[in-house]
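Structure first, then comments.
Read the figures in this text as sums done on the coordinates, not as results from a lab. If you're wondering where the values come from, they're calculated on a predicted model, not measured in any experiment. Please note: Cβ atoms are built from the backbone with ideal geometry, for glycine as well, and neighbour counts cover all protein chains shown.
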Amino acid sequence: MNRHFGWCGGAVLAAAMVFGPGAGAFAATDAGIEIRDAWARATVPGQPVAGAYAELTSAKAVQLVGISTPAAKRGELHEMKHVDGVMKMRQLKSLSLPAGETVKLAPGGLHLMLFGLPKPLAAGSTIPLTFSFKLPGGKIVKKTVDAQVRAVDAGGDGHGGHDMGHDKGAAHGADEHAGHGK
Ligand SMILES: [Cu+2]
């Protein structure tokens, strides 16, 4: 048993060592963090906010601590949950990415919210999204990907309610989070 255990530990260590130098080569910009399938929801003129989504995988446990894009004044991390049958949304300061696990930001769950769009996001275009990650040592790395803007039927996945929740706040300036659940 012990011997078996030792072998397993050795294998894990070896794998980590093999991975180590490779990760090091990209550490400055990459830090072993992968962002896939980034996309943002197309908006109509006058709509001040848009949801954005992606799949994130990090080799090490890191935290997503911010999102920004030239296509919006501000980006936030949000979580949506059903509480007593009501869809509630709250802002997250950070989002933990466990080592090696894929975290999906998708309609109806964890997502990114872009506020203060100077112009509508047109379906078929792309916008750069810059993700800020906090590494275990506290260092911040940024990674930018192109997100596809997609037109999605607002009523199709329950996320339409989420968008309406954002929109009915009318003034999305100072207190657009007034409607958010805590
Ligand atoms: Cu939101």
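Normalising by the residue count of the range 51-164, find the relative contact order in percent from Cα pairs under 8 Å and 6+ residues apart. The value is 32 percent. Placing pseudo-labels 7 Å out from each Cα toward the beta carbon at LYS139 and ARG74 gives an inter-label distance of 3.0 nm. Arranged from fewest to most other beta-carbon atoms within 10 Å of their beta carbon, SER58, SER68, SER94 become SER94, SER68, SER58. At 4 °C and 1.567 mPa s, grab the translational diffusion coefficient of the range 89-150 from Stokes-Einstein with a Kirkwood Rh over Cα pairs, rounded to a whole number in µm² per second. Once the numbers are plugged in, D ends up at 93 µm²/s. When you work out D = kT/(6 pi eta Rh) for the range 32-167 at 37 °C and 0.692 mPa s, using the Kirkwood radius from C-alpha pairs as Rh and the Stokes-Einstein form, the result is 218 µm²/s.
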